[in-house]
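Structure record follows, encoded as structure tokens.
Taken together, the values in this text are just the output of simple stated rules run on the coordinates, not laboratory data. These numbers come from a predicted model, not from an experiment. In this analysis, Cβ positions are derived from the backbone assuming ideal geometry, glycine residues included, and neighbour counts consider all displayed protein chains.
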Amino acid sequence: MTTDPLPAVPVLAPDAGPRLDYYLVGAPDSAATVEGLLVEEFTRHPDFTTTGLDSAGWTPQDGWWSSAALSRGVRTDPDVLARVFPTSRREAEDVYRALGGGHLPDEPVLRTHFVDHQPIATAPPLRLGPAQPPAGFHEQRVYRVLFAKDLRAEQVASLRTAWRTPAGGTSNAAASGRLDEGADQITWDLRRVGHHLAWCLDVTVLLRGAAAEVVGSALADLTTVLRQHGLIPVTTERFS
């Protein structure tokens with residue numbers, strides 16, 4: 001299960017593949033007893049900030065149903081959060097089959113069960129730090145991805161190893177990393193927020209090229225890596 005210790009992971013998640021997020025729903029603080037599945041997908045602005053959340057739940061007794069209330073509870077109610085665990089598409093398929101659902105539908109079919117869209121309020125990017133990017137880059141973007149749940153010490157160590165975090169680390173950051181993607185540069189810092197009740201990932205992208213697709217790929221891949229370690233994404237904001 002995703003709550004077990006994890007081996008070192010790639011700097012970014014290998015791609016591709018499904019982009020829906022899968023969760024096991026079970027007994028509090030234990031993914032060993034699974035009652036059903038939760039499937040989610042964020043909707044986004046063209047700059048990759050979050051605009052809303054679609055979701056659907058499934059249990060053997062009720063089949064597929066609108067899980068908007070469950071998704072809200074995951075992010076606002078500690079008791080609900082304790083019952084939901086990130087998982088992979090492959091494990092979701094195994095659980096669905098074991099609970100009598102048969103073959104888990106493909107993602108286009110799963111999206112047809114998204115009934116109650118949840119808007120997420122957004123605001124124009126805040127300007128933090130210098131307005132101009134460093135020399136050699138034409139644009140700088142700074143994002144913050146907020147997460148629910150917690151990380152164990154060994155999970156943080158796994159991330160530090162995978163991301164090659166320097167021994168001294170970054171100020172107030174539990175783990176950090178850097179990736180040169182072609183001519184563009186991506187750096188990120190993982191830290192606790194909210195009086196240690198949640199985590200956030202601050203991502204800075206420096207663009208030399210005209211295409212900004214690298215931004216969406218980096219945010220998605222880093223978020224996937226943290227989901228693999230048990231965190232649940234809440235929203236993606238932009239600071240510049």
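Annotations
- Relative packing of 114-122, 187-195, which averages over residues the other C-beta atoms within 10 Å, highest first: 187-195, 114-122
- For the listed peptides 224-237, 136-149, a ranking on the average number of other beta carbons within 10 Å per residue, highest first, reads 224-237, 136-149.
- Other residues whose C-beta falls under 9 angstrom from the C-beta of ARG19 contribute a net charge of -3, scoring Lys and Arg +1 and Asp and Glu -1.
- Computed over the chain, the per-residue total of -39500 (n - 2.57) for DSSP H runs of n ≥ 4 gives a 222 nm mean residue ellipticity of -6500 deg cm²/dmol, rounded to 500.
- Percentage relative contact order, region 135-240, counting C-alpha pairs under 8 Å, at least six apart: 42
- Helix runs (DSSP H) in the chain reaching 18 Å along axis by Cα, Kyte-Doolittle at least 0.5: 213-228
- Under the convention that each Lys and Arg Cβ holds +1 and each Asp and Glu Cβ holds -1, the size of the dipole of the chain around its Cα centre is about 660 debye.
- Take every Cα pair under 8 Å whose residues are at least 6 apart in sequence, average their separation, divide by the length of region 187-240, and the relative contact order is 21 percent.
- When you restrict to C-alpha pairs under 8 Å that are six or more residues apart and normalise by the size of region 21-158, the relative contact order lands at 25 percent.
- Charged neighbours of THR50, selected by a Cβ distance under 9 Å, balance to 0 (K, R count +1; D, E count -1).
- Cα shape, region 91-240, gyration tensor, a/c 1.5 rule: prolate
- Shape category assigned to region 72-118 from the gyration tensor of Cα positions, a/c cut at 1.5: oblate
- Annotation note: chymotrypsin sites (Phe, Trp or Tyr not before Pro) in region 20-49 located in DSSP loop regions with a Cβ neighbour count of at most 16 within 10 Å are absent.
- Cα-projected label distance for HIS45 with THR187, points at 7 Å along beta-carbon direction, nm: 2.4
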